[in-house]
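**Student:** Before we start, here is the structure in question, set down as structure tokens.
The values are calculated or read from the model by the stated rules, or taken from the named source; none is laboratory data. Just so you know, these numbers come straight off a predicted model, no measurement behind them. Cβ placement follows ideal geometry from the backbone for every residue including glycine, while neighbour counts extend to all protein chains displayed.
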Amino acid sequence: MGEQASSIAGKIDALFWFLTLGSAVITGGIALALLIFSIRYRRRSEDEVPVQTEGALKLELTWTFVPLVLSIPIFFWGALLFVQMSRPDPNAMEIYVTGRQWMWKAQQPSGQWENNELHVPVGQPVTLNLTSIDVIHDFSVPAFRTKQDAVPGRYTTLSFTATKAGTYNLFCAEYCGTGHSRMIGSVTAMEPKDYETWLQGSNNSVSPAARGLAHFESYGCDTCHRADNGGIGPSLAGLYGQQEELADGRTVTVDDTYIRESILNPQKDIVQGYGPPSRMPTFAGRVNETELIDLIAYIRSLGSEGQGGGSNSLPGTDATPGTGPNSSTDGPKP
């Protein structure tokens, strides 16, 4: 087994070795039984007629229920690990990662972009929000025992906590085209102080939310989504995390995937009271994946359910809604 460098790696290896040992014991038992039966019940003469057995209920029940009893603990063990890996820590640092043929692009919470590299602090829970702009990729770090598909048109998550400083291989574990074998990179786990030093020495430190505000204004979104609810679209303050009732009676949670879909395909899930049809135009082909990530970060910065804000300007800035160059455009309506 390779090096263990995450909090979950030892648990994954324990399950792997249990499965390996169990498979070896069962395989050895079957091979031994085959050998014994081949010798004991071999035909001893050409005229010998074997005794025909109609059935053995006890034997059939045994080979049905014994494997079942053995597999149930394995199922729950694997399910428990899956739940642990699938539930992001509420205090996790969130990093957006975009896959494309044939590279990985990661955005740090403070705004720095990395190509085929990812820096994380040791001991800090990390949640990766993964997506792809072309085909399905798979973000895999063997030393962390983690892997997760990056799927076009949606966000998936991958959570881990690095436990040992070092640089570890990053692979795409899903065949994604002729350059698949070249889609490799590295994840560098650093001590918290070293990580902070690295952040300070990196360029492009404008936060995603600040860039999202700039996109929000440049696309004219602030014309329709005014903080005073005076536009044709709802205010986005405090929207993130809310349960919204749609025009068709369904209820959805305003999360990253919903916001993304609402920008690119506003006619799909229309909020009650705003259509159908929605008056918002599609921004598919106009907003790229990087801008979508920034816009989502900006909307999240306006507060989640129960934390709503009273302004569509980014906290800590003096930006004023309605000043974008395309302010007459009917903007996104999550």
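**Student:** Please tell me if PHE16 is of a type outside the set (S, T, N, Q), part of a helix (DSSP H, G or I) and closer than 30 Å to TRP77 by Cβ.
**Tutor:** So PHE16 fits the description; yes.
**Student:** Let me ask something else. Within the stretch 206-231, how many residues are under 24 Å from the mean Cα position of the chain (by Cα) and of a type in the set (Ser, Thr, Tyr)?
**Tutor:** 1
**Student:** Where in the stretch 173-247 are there helices (runs of 4 or more DSSP H), lying fully within it, with 2 or more residues that are touching a strand residue (DSSP E or B) at 6+ places or on another chain (Cβ under 9 Å) and modelled with pLDDT of 90 or more?
**Tutor:** The helices (runs of 4 or more DSSP H) meeting that bar are 192-200.
**Student:** Go through the stretch 249-267 and count every residue that is of a type in the set (S, T, N, Q) and free of Cβ contacts under 8 Å to residues at least 40 places away in the same chain.
**Tutor:** 4
**Student:** Turning to a different aspect of this structure: Of all residues in the stretch 77-102, how many are touching a strand residue (DSSP E or B) at 6+ places or on another chain (Cβ under 6 Å) and within 19 Å of GLY179 (Cβ to Cβ)?
**Tutor:** 3
**Student:** Kindly indicate whether any position in the stretch 258-269 is in a loop (DSSP other than H, G, I, E, B), modelled with pLDDT of 85 or more, buried (at least 16 other Cβ atoms within 10 Å of the Cβ) and of a type in the set (A, V, I, L, M).
**Tutor:** Scanning the stretch 258-269 turns up no residue that is in a loop (DSSP other than H, G, I, E, B), modelled with pLDDT of 85 or more, buried (at least 16 other Cβ atoms within 10 Å of the Cβ) and of a type in the set (A, V, I, L, M).
Residue-by-condition table, conditions (1) among the small types (Gly, Ala, Ser); (2) in contact with a His (Cβ under 9 Å, 6 or more places away or on another chain); (3) more than 18 Å from GLY99 (Cα to Cα); (4) not assigned by TED's automatic domain parsing to the domain that holds ALA143:
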| residue | (1), (2), (3), (4) |
| --- | --- |
| LEU170 | no, no, no, no |
| ARG182 | no, no, no, no |
| VAL187 | no, yes, no, no |
| TYR195 | no, yes, yes, no |
| LEU199 | no, yes, yes, no |
| GLY212 | yes, no, yes, yes |
| HIS215 | no, no, yes, yes |
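**Student:** Among the residues of the stretch 134-159, write down those that are in contact with a strand residue (DSSP E or B) (Cβ under 6 Å, 6 or more places away or on another chain) and either among the acidic types (Asp, Glu) or more than 25 Å from ILE259 (Cβ to Cβ) (or both).
**Tutor:** Hits for the stretch 134-159 are ASP134, ASP138, SER140, VAL141, ALA143, PHE144, THR146, LYS147, ASP149.
**Student:** Now, a different point. Among residues belonging to the stretch 1-49 that are of a type in the set (Ser, Thr, Tyr) and closer than 30 Å to THR188 by Cα, point out the one that is surrounded by the most Cβ atoms within 10 Å (Cβ to Cβ). Working first, answer last.
**Tutor:** Filtering the stretch 1-49 down to residues of a type in the set (Ser, Thr, Tyr) leaves 6-7, 20, 23, 27, 38, 41, 45.
Retained after the next criterion (residues that are closer than 30 Å to THR188 by Cα): 6-7.
Values: SER6: 24, SER7: 17.
Among them, the one singled out is SER6.
**Student:** Something else now. Which of the residues belonging to the stretch 52-86 are hydroxyl-bearing (Ser, Thr, Tyr) and farther than 17 Å from GLY10 by Cα? Outline the logic, then answer.
**Tutor:** Step one: of the stretch 52-86, the residues hydroxyl-bearing (Ser, Thr, Tyr) are 53, 62, 64, 71, 86.
If the condition is that a residue be hydroxyl-bearing (Ser, Thr, Tyr) and farther than 17 Å from GLY10 by Cα, then THR53, THR62, THR64, SER71 are the ones that fit.
**Student:** Next question, about the same structure. Taking the stretch 153-172 as the region of interest, how many residues are within 25 Å of ILE293 (Cα to Cα) and not in a strand (DSSP E or B)?
**Tutor:** So the count comes out to 3.
**Student:** Same structure again: Specify which of the listed residues (VAL135, VAL120, VAL126) is in contact (Cβ under 8 Å) with a residue 12 or more places away in the chain, part of a loop (DSSP other than H, G, I, E, B) and hydrophobic (A, V, I, L, M, F, W, C).
**Tutor:** Selected residue: VAL135, the only one of VAL135, VAL120, VAL126 that is in contact (Cβ under 8 Å) with a residue 12 or more places away in the chain, part of a loop (DSSP other than H, G, I, E, B) and hydrophobic (A, V, I, L, M, F, W, C).
**Student:** I'm told ALA227 meets every condition in (1) within 21 Å of THR131 (Cβ to Cβ); (2) surrounded by 17 or more Cβ atoms within 10 Å (Cβ to Cβ) except one. Can you identify the failing condition by its number?
**Tutor:** (1)
**Student:** Looking at (1) among the polar types (S, T, N, Q); (2) assigned by TED's automatic domain parsing to the domain that holds TYR155; (3) not in a helix (DSSP H, G or I), which is the only condition THR27 fails?
**Tutor:** Unmet condition: (3).
**Student:** Looking at the structure I just gave you, is LEU302 modelled with pLDDT of 75 or more, surrounded by 13 or more Cβ atoms within 10 Å (Cβ to Cβ) and touching a Gly at 6+ places or on another chain (Cβ under 8 Å)?
**Tutor:** It is true that LEU302 is modelled with pLDDT of 75 or more, surrounded by 13 or more Cβ atoms within 10 Å (Cβ to Cβ) and touching a Gly at 6+ places or on another chain (Cβ under 8 Å).
**Student:** Run GLY212 past the list (1) surrounded by 19 or more Cβ atoms within 10 Å (Cβ to Cβ); (2) more than 30 Å from ALA106 (Cβ to Cβ); (3) small (Gly, Ala, Ser) and report the number of the one that doesn't hold.
**Tutor:** Condition (2) is where GLY212 drops out.
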